[in-house]
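The values are calculated or read from the model by the stated rules, or taken from the named source; none is laboratory data. Values in this document were obtained by computation on a predicted structure and should not be read as measured data. Cβ sites come from the backbone with ideal geometry, for glycine too, and all protein chains shown count toward neighbours.
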There are 2 protein chains.
Amino acid sequence: MKILLIEDEEKAVKTLKKGLNEHNIEVDFAFDGDKGAEMALHNEYDVIISDIIVPGLNGFDLTKHLRQKGVKTPVLLLTALNATDDKVLGLEVGADDYLTKPYEFKELLARLKALSRRGKEPPVPKLILTFGDTEMNLTSKEFIREGKKIELTPKEFALMEYFIRHQGRVISKAEIAEKVWDINFETTSNVVEVYVNYLRNKVDKPFEKKMIHTVFGVGYVLKDE
Amino acid sequence: MKILLIEDEEKAVKTLKKGLNEHNIEVDFAFDGDKGAEMALHNEYDVIISDIIVPGLNGFDLTKHLRQKGVKTPVLLLTALNATDDKVLGLEVGADDYLTKPYEFKELLARLKALSRRGKEPPVPKLILTFGDTEMNLTSKEFIREGKKIELTPKEFALMEYFIRHQGRVISKAEIAEKVWDINFETTSNVVEVYVNYLRNKVDKPFEKKMIHTVFGVGYVLKDE
DNA sequence: TTTAATCCTTAGAATTTCCTTAGAAAATGC
DNA sequence: GCATTTTCTAAGGAAATTCTAAGGATTAAA
């Protein structure tokens, strides 16, 4: 990990740099905000740490400036005292975290890690399958029909997912048993029937239109009507 | 630095003045609150130090008075006894810090420096996350629900922070383990469950509405209902 | 060092889900 | 219609998952 430290107290810089290096964190530093902004614009850092009070651009203005320039590197601001200041609520300049001096080195380290992770974190992709007025969110495991949320157990959800992924096609019970239950051989079990039943109770019964239809002697289909 | 000292004990004034002068701090002083207010209104000070019990305007009223007049100079109140009520009142009235006699001179000096710095500093923003009737102050590590303060241990706080940062989204235990505990591998541990339990006891049990909900087979969500 | 607070593991209790069983209902073919 | 086959459904025990209490380990503070 590589960070930029903006701080004018020489002593603080020295200690921090040493401590961070010991944890395999590379540290560039600037003694004032202007130099810091300059460096932030021309290098890639995982995190920027800046004291609020430094010569030149202060921590707030630095953050604002960087954000305007499109730099999204996480910024951690340091301040001198634990102010009980009820005047300003919220962090509007775009800084990502905040630490009050004196702080524990461990705490700083933890925040650094959290921040560097956040910077790289790709936005959570939404995996959503739909069928008519119905949608299922594969990430949050939510199932919604006509705007109403319906709770499904993991197995029910898996079965429903299989249906919705193969909507309109007739699916045999053997196929379902294999794909959803991993049962490859002939079996006397009727789990599939039982679970189709569970699903119907939750997903079709409370509604006018049914979507799971049985095809006698063959299996089931997910379709309108 | 230049300060105003309001104190009626002549001896204390003398020692203080001498001590402060040695540290390059200029001291004006007043023997009673009325005179002190007068001086504060007509001069520029970095910090005002006032004993709570002085003739005329007492420390509280003095502070209130100055704040009403728009004077934002940091005020440090001194009191003879360690009364928590006084402290609360003092802060409500707009005082910035508080020191109980007897105090170490060194401590006074440190607070003075901190306060004078704050006076020049831009207002410190609080990093506050909210969810419904709940708020957590990342700076002061305070957690408040329905106006009641709840003590959380650091780990509990971190977990709660993760929940509140991802409110409404279903979060898996693996994700929590990774992001809050830094556990990246499969593990048999149930720390997450245990800590969700701790959190619930403090944060949900005493209240009507629950906010942490388990999604069986998946994880947890922070949401209303 | 002692004390206290926090953290984490363990193990059993409680809850939820899963799957089997068995009989009821429905569809099919004669 | 009646026997046969297939599907549906209710019930309950097994299995898995989650919850919770208790105590030992670790860390920080006095």
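For every residue, the table says whether it meets (1) more than 10 Å from DNA strand D (Cβ to nearest atom); (2) at pLDDT 90 or above.
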| position | (1), (2) |
| --- | --- |
| B:147 | yes, no |
| B:156 | yes, yes |
| B:181 | yes, no |
| B:191 | no, yes |
| B:198 | no, yes |
| B:214 | no, yes |
Checklist outcome for this item: Residues of segment B:216-225 being near DNA strand D (Cβ under 8 Å from one of its atoms) and of a type in the set (A, V, I, L, M, F, W, C), in sequence order, are B:216, B:218
Checklist entry - Residue check: is residue A:64 at pLDDT below 80 and not in a helix (DSSP H, G or I)? => result no
Next on the checklist: Take the conditions under 21 Å from residue B:225 (Cβ atoms) and within 14 Å of another protein chain (Cβ to nearest Cβ) and apply them to residue B:130. Does it pass?
Outcome noted: yes
Checklist entry - Pick from B:193, B:161, B:151, B:142: which is over 22 Å from residue A:141 (Cα atoms) and either polar (S, T, N, Q) or more than 14 Å from every other protein chain (Cβ to nearest Cβ) (or both)? => result B:151
Checklist entry - Quick one: is residue A:205 near DNA strand D (Cβ under 9 Å from one of its atoms) and away from every other protein chain (no Cβ under 14 Å)? => result yes
Checklist entry - Which members of segment B:166-224 meet the condition of being out of contact with any strand residue (DSSP E or B) (no Cβ under 9 Å at 6 or more places or on another chain), more than 14 Å from DNA strand C (Cβ to nearest atom) and aliphatic (A, V, I, L, M)? => result none
Checklist outcome for this item: Per the filter on segment B:132-175, residues buried (at least 17 other Cβ atoms within 10 Å of the Cβ), of a type outside the set (D, E, K, R) and touching a residue at least 60 places away in the same chain (Cβ under 8 Å) are B:134, B:143
Checklist entry - Of (1) at the interface with another protein chain (Cβ under 10 Å from one of its Cβ atoms); (2) within 17 Å of the chain's Cα centre (by Cα); (3) modelled with pLDDT under 80, residue A:97 satisfies all except one. Which? => result (2)
Item to check | segment A:67-76, residues that are at pLDDT below 80 and outside any loop (DSSP other than H, G, I, E, B) | outcome: A:67, A:68
Next on the checklist: Can you tell me how many residues within segment B:1-25 are surrounded by fewer than 13 Cβ atoms within 10 Å (Cβ to Cβ) and within 20 Å of residue B:66 (Cβ to Cβ)?
Outcome noted: 0
Checklist outcome for this item: Here the residues within segment A:7-54 that are at pLDDT 85 or above, over 27 Å from the mean Cα position of the chain (by Cα) and within 14 Å of chain B (Cβ to nearest Cβ) are A:8, A:33
